[in-house]
Amino acid sequence: MLTRQFTGYKTIHGPEQLHDPNQPSRPISSPADYRGWHAAMVTTKGVDPWDSNKKCTARINHGRWIADCIWCKGPILTRPDWGVAYCAECGARYHEGSVIFPANPRLFAEPLLLRVQRELQNWAEPQKLEALWDENKRLDVKTVDDILRENIADAIDIALVEPDGELTP
Ligand SMILES: [Zn+2]
């Protein structure tokens, strides 16, 4: 029986999930876009964007990179390759270098991206990387090897049912 297999998610989400309030069809695709989005969001609330002189720390919540605003405690979307966080609640801007990420964010994303449910993709300091992999075992999350094996099994199934498949004797 051939079933469509889960092959893991490609990314932990971030501000690229937001859309330009003035052009809803246009996603936010750069830190400059994000900054423009932020200015538009806070200005409609009568707040001016301002630069935070304190840092905030990133975590992963439900498959999204989130930084908690040090000033208003609100959650802010961020992503390690942009390194910025702009708080739509109080107007604080955390520029590059002001959002603290783990030294290698990809390592922390990896075990989480194998979890089918986005709600289970969570990590925060001081949780260690090994603890995420241990959680995966407890949650019975497939490993990369499991997924590869299943995909190879599927490929063989396809080959056997297709008359011209290479593996058909
Ligand atoms: Zn804030």
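Test of understanding: in a Gaussian network model of the chain with alpha carbons linked when under 10 Å, which of D134, D48, D145 would top the mean-square fluctuation ranking?
Answer for the Gaussian network model of the chain: D145.
Lysine pairs in the chain 8 or more apart or on different chains: how many have alpha carbons under 25 angstrom apart?
13
Taking amide hydrogens as modeled 1.01 Å from N in the peptide plane, which residues meet the under 5 Å criterion relative to R64, leaving out close sequence neighbours?
Here H13 satisfy the definition.
If you check each cysteine of the chain for another cysteine whose beta-carbon is under 4.7 Å away, which ones come up empty?
Here C56 come out as lacking a disulfide-compatible partner, given the Cβ-Cβ threshold of under 4.7 Å.
Show me, for the range 38-54, the HN-Hα J-couplings you get by feeding each phi into the Karplus relation (A = 6.51, B = -1.76, C = 1.60, θ = phi - 60°), rounded to Hz, glycine and proline as x.
4, 4, 5, 5, 7, 4, 5, 8, x, 10, 8, x, 9, 8, 6, 9, 10
Between A124 and residues 5 or more places away or on another chain, which pairs have amide H atoms under 5 Å apart, with H built 1.01 Å from N, and which residues are they?
Here I60 satisfy the definition.
Could you state the number of Å between the C-alpha centres of the range 90-167 and the range 23-56?
30 Å
Mind checking which of L120, L107, L132 has the largest fluctuation in a GNM of the chain, springs on alpha carbons under 10 Å?
Taking springs between Cα atoms under 10 Å, the residue moving most is L107.
Compute the relative contact order of the chain as a whole-number percentage, counting only Cα pairs closer than 8 Å that sit 6 or more residues apart in sequence.
Relative contact order comes out at 21 percent.
Classify the range 9-92 from the C-alpha gyration tensor, please: rounded if a/c falls under 1.5, else prolate or oblate depending on whether a/b exceeds b/c.
oblate
If Lys and Arg each add +1 and Asp and Glu each add -1, what is the summed charge of the other residues whose beta carbon sits under 13 Å from the beta carbon of Y34?
Net charge in that neighbourhood comes out at -1.
Taking only the Cα atoms of the chain, how large is their convex hull per residue, in Å³?
Measuring per residue, one finds 154 Å³ for the Cα hull of the chain.
Tell me, in nm to one decimal, what length is gained between I156 and K54 on full extension, where the rule is 0.36 nm per residue of separation less the Cα-Cα distance?
So the chain would gain 31.2 nm between I156 and K54.
Quick one: what are the phi-derived ³J(HN,Hα) couplings along the range 8-13, Karplus 6.51/-1.76/1.60 with θ = phi - 60°, whole Hz, x for glycine and proline?
x, 8, 8, 8, 7, 6
Per the helix-only calculation at 222 nm, which mean residue ellipticity applies to the chain, given -39500 (n - 2.57) for every DSSP H run of n ≥ 4 and division by its residues, nearest 500 deg cm²/dmol?
Calculated at 222 nm, the ellipticity per residue is -9500 deg cm²/dmol.
Return the sequence-ordered ³J(HN,Hα) values of the range 137-142 in whole Hz as given by the Karplus equation 6.51 cos²θ - 1.76 cosθ + 1.60 applied to θ = phi - 60°, using x for Gly and Pro.
Computed from phi, the couplings for the range 137-142 are 5, 4, 7, 6, 7, 5 Hz.
Computed from the coordinates by the stated procedures, all read-outs in this text should not be read as laboratory data. Just so you know, these numbers come straight off a predicted model, no measurement behind them. Counting neighbours? That spans all protein chains shown, and the Cβs are built from the backbone with ideal geometry, glycine included.
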